[in-house]
Structures are given as C-alpha cells and as structure tokens.
Amino acid sequence: MKKLYLFILSLILTSCLQYSNKQSTTDSFYTEKGEWDSARIPLLKPYEAILTSKEFGWCVNLFGNGDTGLPNTVKVAVKDDAIFLYNINTILDGKDEKQSWHIIIPSKRLEKGFSKYQDYKKYLNKLNIREEPKLFNIELVASYFDDHQVMSWDDFNKEHKVVN
C-alpha cells in the first residue's frame with residue numbers, strides 16, 4: 001500500500017512539474033485575459049483587442065499610422081505573421097468610416113487600412129497573399145480564448161479548419 005501511495009504521489013508531482021514548465025515557457029502576453037472591467041484577446045504581440053464598452057465594441061491598438069486604435073472590430077484573423085481585421089462604424093486615418101479592412105504585420109511595422117474592399121484585396125495581392133484569409137467573428141475568438149489557457153492562433157486555426 002505504501003508503494004502504491006508513493007507511486008501515485010510521484011505521478012502527481014511529475015504532472016505538476018510538467019504543467020509548471022509548460023506554463024513558464026509561454027509568453028504571458030498570450031495568457032492574460034484582461035482586467036476586471038475589460039476583456040482582452042491577444043493577437044500578435046504587441047497587438048491586442050480590448051472590450052471596454054458596448055459603445056466602441058472590441059478595439060485593436062495601433063502604433064504607427066496616427067490612429068490610436070480601431071474601435072468596433074467585428075472580425076479578425078491571425079495567420080502566419082499577419083493580423084487581418086474587419087471593422088464597422090470605425091475610424092480610418094482620422095475619418096469616420098462605415099466599414100474598413102486592415103492588415104497588420106508587426107515584424108514589418110505595417111499597419112494598413114482600407115475603406116474599400118477592392119483596395120484591401122489589391123493590397124493582399126501586392127503582399128503575395130493569393131488566398132484571402134478567412135475572418136472570424138471576434139466573439140467566437142473571445143469565446144475560444146476564454147475556454148483555453150493560452151491564445152494559440154495555430155490551434156485556433158486548426159480547430160476552425162484554416163489551412164496554410
């Protein structure tokens with residue numbers, strides 16, 4: 001009986017250590033859920049979507065194009081090293097727009113927005129992105145992140161049958 005007890009105890013300790021090691025290698029940017037008064041979805045570091053009010057919906061932070069962020073983000077995709085967004089009733093280059101599409105590539109410091117879908121498609125081609133990324137309702141993404149310990153876009157895309 002004592003051997004069985006020690007065996008079970010060693011299994012528990014081993015699994016705790018493995019869990020602890022796995023957690024420590026994950027960047028906290030992809031695990032933090034948000035503050036008590038807001039929800040958060042990590043996109044690609046340092047970009048994130050924050051839900052602070054019903055009025056502005058999900059807002060995505062920006063760094064380089066003059067706008068401070070994109071309110072009312074309703075669809076999102078992260079594929080490879082790029083973020084793709086669709087917004088309604090939003091701001092683009094300091095102007096109110098009924099809808100807009102955005103491409104963000106953090107490694108290239110690229111933040112590009114379009115008020116016309118055709119211009120968005122042309123820019124995708126310019127970037128050699130031949131197949132338009134499937135955009136997902138941001139509430140679906142938020143629900144996925146809420147149900148998981150970490151926001152892994154590779155896992156999200158596999159679960160939702162997005163192919164590279």
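The values are calculated or read from the model by the stated rules, or taken from the named source; none is laboratory data. None of the values given here were measured: they were computed from a predicted structure. Virtual Cβ from ideal backbone geometry, glycine too; neighbours counted across all protein chains shown.
So for region 20-35 (the condition being modelled with pLDDT of 85 or more, within 19 Å of the chain's Cα centre (by Cα) and under 23 Å from G113 (Cβ atoms)), does at least one residue qualify?
So far as region 20-35 goes, no, none of its residues is modelled with pLDDT of 85 or more, within 19 Å of the chain's Cα centre (by Cα) and under 23 Å from G113 (Cβ atoms).
Give me the pairs: first residue in region 33-61 and over 17 Å from S152 (Cβ atoms) and in contact (Cβ under 8 Å) with a residue 40 or more places away in the chain, second residue part of a loop (DSSP other than H, G, I, E, B) and among the polar types (S, T, N, Q), beta-carbon distance under 8 Å, and six or more apart or on different chains, which are they?
Qualifying pairs under 8 Å: L51/S38.
Has region 113-124 got any residue that is touching a helix residue (DSSP H, G or I) at 6+ places or on another chain (Cβ under 8 Å) and of a type in the set (D, E)?
no
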